[in-house]
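The values are calculated or read from the model by the stated rules, or taken from the named source; none is laboratory data. Keep in mind that what you see is a predicted model, and the values were worked out from it rather than measured. Glycine also receives a Cβ, built like all others from the backbone with ideal geometry; neighbour counts cover every protein chain displayed.
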C-alpha cells in the first residue's frame with residue numbers, strides 16, 4: 001500500500017524543466033537588470049517635459065519587471081506539484097481547479113458543444129489582435145481566446161466559453177487539462193480531466209502585475225454550478241458525484257489579484273455514457289517545431305544589434321580619421337576598430353540565425369554578449385561614468401535587457417531544446433512567458 005501511495009504522489013509531481021545553472025543565472029540576472037531599467041525609466045518619467053514617459057515606465061513595470069520578479073520568487077516558494085490551483089505564465093497561483101471529469105476527448109467536446117459552449121481560439125497574434133479590437137469596440141467574438149494557465153507543467157489543452165450579451169469583456173469560460181497517465185487526485189480518485197471554470201465580469205488591471213486582463217466573479221462556485229447545470233440539461237447521460245471538502249473552503253485571490261471564494265467541493269462529471277458525435281475532436285494543431293514569439297523577438301533584437309554594428313563600421317570606414325576621437329592615433333587604430341566592429345556585427349547576425357534555427361548554444365551565447373554589455377554599462381555608471389539617458393545608451397541598454405528576458409523565457413528554452421533534440425513536449429512544455 002505504501003508503494004502504491006508513493007507512486008501516486010510521484011505521479012502528481014510536475015516534471016522538472018531541467019534548466020541548467022547558466023540558464024537560471026541568466027534568468028535571475030535579467031530580473032535584476034529589468035529592475036534597474038525600471039528605476040531609470042521611473043526617473044526619466046519624473047521630468048515634466050516627458051510626462052508621457054510614464055506610460056513607458058508602466059509598460060516596462062507591468063510586462064517586464066513584475067512578471068520576471070514573480071517568476072523568480074514563485075520558483076522559490078511555490079511547490080511544483082498539484083495543489084488544486086492552476087498557475088499563471090508569471091508563476092502566480094491562478095484559478096482553482098473546481099471541476100473534474102471522466103470521459104474521452106470526443107465525449108468532452110461533444111458534451112460541451114451540446115450544452116451551448118463554444119471552443120475558444122488558441123492564443124496567437126491574430127486572435128490576440130481580434131480580441132483587443134472586439135473589447136475596445138464592444139463587438140462580439142464568440143471564439144475569443146483565454147489566457148494560458150498552467151497545470152502539470154503545461155498550459156490548458158483547450159477552453160470553452162459562452163459570451164454574454166455579445167460583449168467579449170463578459171463571458172463564462174472553463175479551461176481543461178488532460179491528466180497524466182496513472183495520475184490520481186489527492187485522496188486517490190482517478191479522473192481523466194481537471195478543469196477550472198470562472199466568470200469574466202469586466203476588463204481591468206491586474207493587482208499583482210498591473211497588466212490589462214479580465215476580472216473574474218468572486219464566487220467561483222456559482223460558475224462551477226453553471227457549468228454542471230448546462231451539461232446535465234443538455235444530455236441526461238451526464239452523471240455527477242461530489243467530492244465534498246476536496247479542499248478547504250477559502251477566500252483568496254487569483255493571479256490577477258481578483259478575490260475568489262469557494263466551499264471546497266469538487267464535482268466529478270461522468271461523461272462515459274455520452275455518445276460522442278463524429279468529428280467531435282478538433283483536428284490536432286500543427287506539430288512542427290516553430291520559433292515562438294519570444295524567440296522571434298530576441299532574434300529581431302540580435303539582428304538589429306548586428307546591423308547597427310555593421311552600419312557603424314561602414315560609417316567609420318568612410319569617415320575622416322581626424323574627425324574621430326583620439327584623432328592623433330585614429331589613423332593607426334581605425335582599420336582595427338572597424339574590423340572588430342564589423343566582425344561583431346557579423347557574429348550577431350550569425351548567432352541570430354542559429355537561434356532562429358533552434359540552436360541552444362547560440363541562444364546562450366547571444367544572451368551572454370548582452371549580459372556583458374549590461375555589466376559593462378553598470379560598471380561604467382558605478383565608477384563615475386555618465387548616467388544612462390536618452391543621450392547616452394538607454395536605447396541600447398533596453399534592447400540588451402529585452403533580449404535576455406525574451407530568450408530566457410520558458411518558451412524560448414523549450415523551443416531551443418526541442419530543436420536540438422534535448423527534450424520532448426511533455427517535459428519541456430511552456431510554463432512561462
- prompt: If you scan the range 98-118, which residues turn out to be touching a residue at least 60 places away in the same chain (Cβ under 8 Å) and in a strand (DSSP E or B)?
  reply: 99, 100, 101, 102
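One line per residue, one yes/no per condition, for (1) within 21 Å of the chain's Cα centre (by Cα); (2) at negative phi; (3) assigned to a helix (DSSP H, G or I); (4) modelled with pLDDT under 80:
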residue: 19; (1), (2), (3), (4): yes, yes, no, yes
residue: 33; (1), (2), (3), (4): yes, yes, yes, no
residue: 40; (1), (2), (3), (4): no, yes, yes, no
residue: 49; (1), (2), (3), (4): no, yes, yes, yes
residue: 55; (1), (2), (3), (4): no, yes, yes, yes
residue: 60; (1), (2), (3), (4): yes, yes, yes, yes
residue: 64; (1), (2), (3), (4): yes, yes, yes, yes
- request: Return yes or no: is residue 302 modelled with pLDDT of 90 or more and farther than 30 Å from residue 108 by Cα?
  value: yes
- line: Counted residues in the range 87-103 being under 16 Å from residue 160 (Cα atoms) and more than 26 Å from the chain's Cα centre (by Cα) come to 1
statement: Of (1) closer than 29 Å to residue 66 by Cβ; (2) surrounded by fewer than 20 Cβ atoms within 10 Å (Cβ to Cβ), residue 366 fails just (2)
